[in-house]
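In what follows, a single structure is set out as structure tokens and then discussed.
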Amino acid sequence: TQLLEQSPQFLSIQEGENLTVYCNSSSVFSSLQWYRQEPGEGPVLLVTVVTGGEVKKLKRLTFQFGDARKDSSLHITAAQPGDTGLYLCAGASRGGADGLTFGKGTHLIIQP
Amino acid sequence: DTAVSQTPKYLVTQMGNDKSIKCEQNLGHDTMYWYKQDSKKFLKIMFSYNNKELIINETVPNRFSPKSPDKAHLNLHINSLELGDSAVYFCASREGGQQFFGPGTRLTVL
């Protein structure tokens, strides 16, 4: 059974600070995805990383896929209150045909 | 222009009842899924359907049965509901590597 360990589980920081969320596994995934989920809604895809060592940027968010394709990180620069939410990493095998394996999520609170 | 829709949004029922949750996607995707999100927000895959055929079935009790009348719909039937079935259930569809999630159905079993 593939598992994704996501840390930290909870993070509360002040506006303007930087933060990093980690997602680690002992298994290799064909791709790794990061989702954001708002209360009462389904997860929404932020980014997909496919190649080992890949780095993708989405405004103040930087996503990295480990060289061995077993881990990933999400770094937020100068966090804003609007970044508050639940961030989920998810690993895909066989292109996601078997569904996604999710980490347990990071509850992020950015205080003004 | 909703991509993946689910009904109902909320479902409150008594233990032992049988209930269904409906899911529809208008994206033309071939693969659809059901996920369960527990009270700690942990999302776990339950079922996957591709072209009306079940691809995977995780260790889900056989009280749960997905039914797909056509490619755009994947409904979830639950028999003899138990307290532990209380959760938020998400439907999703897939194109390439991206999954699109519905808004979820919050099921509460009393």
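The values are calculated or read from the model by the stated rules, or taken from the named source; none is laboratory data. Since the model is a prediction, treat every value here as computed from it, not as a measurement. Note that each Cβ is placed from the backbone with ideal geometry, even for glycine, and that neighbours are counted across all protein chains shown.
Brief remarks on what is shown
- Test: residue in the range B:87-100 that is of a type outside the set (Asp, Glu), over 27 Å from A:LEU32 (Cβ atoms) and more than 12 Å from every other protein chain (Cβ to nearest Cβ): no
- Of all the listed residues (B:ASP18, B:ASP30, B:ASP38), the sole one being within 15 Å of B:ALA87 (Cα to Cα) and of a type outside the set (Gly, Ala, Ser) is B:ASP38.
- Selection status of B:ASP38, more than 14 Å from every other protein chain (Cβ to nearest Cβ) and of a type in the set (Asp, Glu): no
- Odd one out for A:GLY52 among (1) more than 13 Å from chain B (Cβ to nearest Cβ); (2) more than 19 Å from A:ARG94 (Cβ to Cβ): (2)
- Among the residues of the range B:52-110, none is identified as more than 23 Å from A:GLU41 (Cα to Cα), touching a residue at least 40 places away in the same chain (Cβ under 8 Å) and of a type in the set (Val, Ile, Thr).
- As for the range A:62-71, it holds no residue that is assigned to a strand (DSSP E or B), of a type in the set (Val, Ile, Thr) and modelled with pLDDT under 95.
- Of all residues in the range A:1-60, those being more than 14 Å from the chain's Cα centre (by Cα), part of a strand (DSSP E or B) and not hydrophobic (A, V, I, L, M, F, W, C) number 2.
- Condition check for A:ALA79: more than 9 Å from chain B (Cβ to nearest Cβ), outside any strand (DSSP E or B), modelled with pLDDT under 95 and within 18 Å of A:TYR22 (Cβ to Cβ): no
- Residue pairs whose Cβ atoms lie under 9 Å apart, sitting 6 or more positions apart in sequence or on different chains, and linking a residue in the range A:2-21 that is on the phi > 0 side of the Ramachandran plot to a partner that is of a type outside the set (A, V, I, L, M), are A:GLY16/A:GLN80.
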